[in-house]
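Bear in mind these aren't lab numbers, they're just calculated from the coordinates by the rules spelled out. Everything numeric in this text was worked out from a predicted model, so none of it was measured. Don't worry about glycine lacking a Cβ; one is built from the backbone with ideal geometry, like all the others, and counts go over all protein chains shown.
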Amino acid sequence: MFSRAQKLIGEDGLQRLFASKVLVVGVGGVGGYAVEMLARAGVGTLGIMDGDLVDISNKNRQIIALDSTLGKSKVDAFKERVLDINANCKVITFNERFSADNSKVLDTEWDYIVDAIDSFEDKVNLICLAKQKGFNIISAMGAGNRVELCDFEISDIYKTSYDPLAKKLRKALKDRDVKSHTVCFTKTPALSTTDGVGSVSYVPPLCGIKLAGFVIQKLLQV
């Protein structure tokens, strides 16, 4: 399965990935594609945290959303999918929403955490608690309300621009005395929509794949 990756990263690189533990919190349009890429790369232990069920409205952009998975918990559906990709992967599921009062997932040691949470308050709490525990963590910024093929960038939160979510997060983290934080964002302006956030099939995956690629490269540098 990993013969083509081995040509690029070598046996030592593969073994690093096999031994790594990555947690993805929020497995919607962005986080779901991060899970997919991490699983196919050979990450040995994947934590998957989300309290939602697969809904028909997810089908336009979420890799886990199929007729066969509608109504299932996202984490259970992802566990089945990941094991169908790589039966040797250890998948740990947390069928619940992360919050400051529900943070026991951080009692486990993780090599990297991918934050793809939609809820702003929960996102801030995850970042701050993860940093307090010394975890490596990267967060997704806004991927909704965009139709253009966005160029997602990896940057420190304090160097971001044009992203309303990043602006809000910068202030919140500054208020909590967080000096730096790595995020994935795009300078492509968000469109205005009424009655909620709009999304298309290809923009959230671009962000999720960028997140996973960054984490994989960091794991290979250990």
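A few notes on this one:
- Vicinal HN-Hα couplings computed from phi for segment 183-191 (Karplus, 6.51 cos²θ - 1.76 cosθ + 1.60; Hz; Gly/Pro x): 9, 10, 9, 10, 8, 5, x, 7, 7
- Per-residue ³J(HN,Hα) for segment 15-29, Karplus 6.51 cos²θ - 1.76 cosθ + 1.60, θ = phi - 60°, Hz, x for Gly and Pro: 5, 5, 5, 4, 8, 8, 10, 10, 10, 10, 10, x, 10, x, x
- Taking amide hydrogens as placed 1.01 Å from N in the peptide plane, the amide H of residue 137 sits under 5 Å from those of 113, each at least 5 positions away in sequence or on another chain.
- Positive dipole terminus of the chain, leading residue within 34, 152, 126 (C-beta point charges): 152
- Amide H partners (placed H, <5 Å) of residue 190, local residues excluded: none
- Both numbers refer to the Cα atoms of segment 135-222; Rg and Dmax are 13.6, 45 Å.
- Selection of trypsin sites (Lys or Arg not before Pro), segment 99-143, meeting DSSP coil and at most 11 other Cβ within 10 Å: none
- The alpha-carbon atoms of segment 31-148 define a convex hull whose volume equals 114 cubic angstrom per residue.
- Estimated FRET transfer efficiency when R0 is 25 angstrom, pair residue 108-residue 72 (beta carbons, to 0.05): 0.55
- Between amide H atoms placed 1.01 Å from N, distances below 5 Å from residue 72 occur with 54, all of them 5 or more places distant or on a separate chain.
- Around the Cα centre of segment 121-192, unit charges on the Cβ atoms of Lys, Arg, Asp and Glu (plus for the first two, minus for the last two) sum to a dipole of about 280 debye.
- For segment 207-220, putting each phi into the Karplus relation 6.51 cos²θ - 1.76 cosθ + 1.60 with θ = phi - 60° gives couplings of 5, x, 5, 4, 4, 5, x, 4, 4, 4, 5, 5, 5, 6 Hz, in residue order, rounded to whole numbers and with x for Gly and Pro.
- Alpha-carbon centroid distance for the pair segment 64-135 / segment 15-55, whole angstrom: 7 Å
- Computed on the chain, the Cα convex hull volume stands at 125 Å³ per residue.
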